Amino acid sequence: MMRLMEAELFPSTPGKVKIERAHTINRQFHRCFASTSTMFLWALFLIALTASYLSFQSFVDTSSRYFNASWGGMHWEKQIRASATVRRPGGMSVLVTGAAGFVGTHVSLALRKRGDGVVGLDNFNSYYDPSLKKAREALLESHGVFVVEGDIDDARLLAKLFDVVPFTHVMHLAAQAGVRYAIENPASYVHSNIAGLVTLLEACKSADPQPAVVWASSSSVYGLNEKVPFSEADRTDRPASLYAATKKAGEEITHTYNHIYGLSITGLRFFTVYGPWGRPDMAYFSFTRNILQGKPITVYRGKNRVDLARDFTFIDDIVKGCVASLDTAEKSTGSGGRKGGPAQYRIYNLGNTSPVTVPALVGILERHLKVKAKKNVVEMPGNGDVPFTHANISLARAELGYKPTTNLETGLKKFVRWYLSYYGYSPRSGGSAAEATTGSAKSL
Ligand SMILES: O=C(O)[C@H]1O[C@H](OP(=O)(O)OP(=O)(O)OC[C@H]2O[C@@H](n3ccc(=O)[nH]c3=O)[C@H](O)[C@@H]2O)[C@H](O)[C@@H](O)[C@H]1O
């Protein structure tokens, strides 16, 4: 086009007609040039407008995140310091992650009751009814334990917490739990059990002083292991679920931080923990709910019609194992991200040592609830379950003094009593447990 214009403007033979034509073309060119530059200016203007809009948006996002954050501020720090205050000679100040969870609540209470400083951390996610987590938080607060609302994968929050309190110990119980849910939501296991764990360990290794870390692994790491009872030295390289794989990965990841940074690490392989304030996603809990509501329950059965079995472990026994682990944990050797020397690395089974089949569990619940269950027995789906678990606890017994004392019969009795009172059953009515379904104060 430019070449055509040039030919028209600068003709080889000058002439009148050509001169007039040249003027017309000249005007057209100027108009064209003027409209191109106007368009260019408009484009520049639009780009500038978009850029300022985007930066304004990001400013608004950042500031609203800052101002709406559920943590931070003088009052918040004061609450944390008060909660972390140690009230016994030689006591510890413990950051409990997953404090509004089942095990986290019980461990936090036990520590607080004996005079240790406890600060909780929990993201109150909706994997199961968050109102149960809020009720546990209220219980903790009534005992002077403050629970920070936040995620273990939030490095800024963790840095702030370690800035406010020089925690001596971290009891790491926050996790995405549940074996079968990993099929539905694999990403949540990676987020909490891998990314969150690494973020937490990064904060611990950078802290000065470094805390000793005790954390929840799982019996599920034994996966397809068939050697019974399961001992810590047995194979754990054949996980049957993503949940198990992330817990096994956690054992390797914590080992790395122990090796490189001198963090003192104790991993606890919990065996199907149950009890009051438990997790609604677990079989004993959902069976109780369904039995009381007259709904059927699904009982899985293994190959060749073999019943599944679990080494069900009562919460009070698990709490004793956790507290003993904290008490016997040696100090981390490093500080501010540098290793000071070799540090303790331990792994223990915390089980009950007497597996019970799932149909036997249902039988105990039926007796305590005085209601017959409507059972659908189906073959175990291939969704991550293992046929049985059975803990060898010799190591924990020898080194932690761990000695479980509650059998499934007694433990479930305590659970049922809690369940009925929490969900609104009034013993004064003198009715059977089945009546609990009618006067329910809270719904699951
Ligand atoms: O020790 C662990 O490391 C894990 O323990 C727990 O997993 P599990 O031992 O699988 O407990 P749980 O779900 O109560 O199922 C119990 C039994 O009931 C069977 N089961 C389950 C559901 C159902 O509808 N029917 C059924 O028969 C089922 O097949 C199984 O045989 C924790 O949830 C987990 O987070 C982790 O901590």
> Excluding L308 itself, what net charge comes from residues whose Cβ is under 14 Å from its Cβ, given Lys and Arg +1 and Asp and Glu -1?
Replying inline: +2
> Along the range 386-401, what does the Karplus equation 6.51 cos²θ - 1.76 cosθ + 1.60 (θ = phi - 60°) give for ³J(HN,Hα), rounded to whole Hz, x for Gly and Pro?
Replying inline: 10, x, 7, 9, 7, 8, 9, 10, 4, 5, 5, 5, 5, 9, 10, x
>> Can you give the local net charge around Y222? Use residues other than it whose beta-carbon is closer than 15 angstrom to its beta-carbon, Lys and Arg +1, Asp and Glu -1.
In response: 0
>> Can you order the peptides 349-360, 245-256 by their average number of other Cβ atoms within 10 Å per residue, highest first?
In response: 349-360, 245-256
>> Can you give the local net charge around L157? Use residues other than it whose beta-carbon is closer than 11 angstrom to its beta-carbon, Lys and Arg +1, Asp and Glu -1.
In response: -3
> Counting only protein heavy atoms and using a 1.4 Å probe, what share of the accessible area of the range 80-131 belongs to carbon plus sulfur, as a whole percent?
Replying inline: 53 percent
> For the range 161-203, what is the accessible area per residue in Å² when the probe is 1.4 Å?
Replying inline: 36 Å²
> Counting only protein heavy atoms, what percent of the accessible surface of the range 220-348 is carbon or sulfur at a 1.4 Å probe?
Replying inline: 51 percent
> Can you list residues whose amide H is under 5 Å from I297's amide H, if they're 5+ apart or on another chain and H is modeled 1.01 Å from N?
Replying inline: K374, K375, N376
>> Applying a 10 Å radius around every beta-carbon, put 203-213, 301-311 in order of their mean neighbour count, most first.
In response: 203-213, 301-311
> Ignoring ligands and nucleic acids, what accessible area does S70 show with a 1.4 Å probe (Å², nearest 10)?
Replying inline: 70 Å²
> Accessible area per residue, 1.4 Å probe, Å², for the range 303-366: what's the number?
Replying inline: 42 Å²
> What relative contact order, as a whole-number percentage, does the range 271-430 give when Cα pairs under 8 Å and 6 or more residues apart are counted?
Replying inline: 37 percent
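The values are calculated or read from the model by the stated rules, or taken from the named source; none is laboratory data. This one's a predicted model, so the numbers in the text were calculated from it and none came from an experiment. When we count neighbours, we look across all protein chains shown, and the Cβ atoms used for this are built from the backbone with ideal geometry, even at glycine. Surface areas here come from the heavy atoms of the whole protein model, side chains and all, with no ligands, DNA or RNA. Shrake-Rupley method; radii C 1.70, N 1.55, O 1.52, S 1.80 Å.
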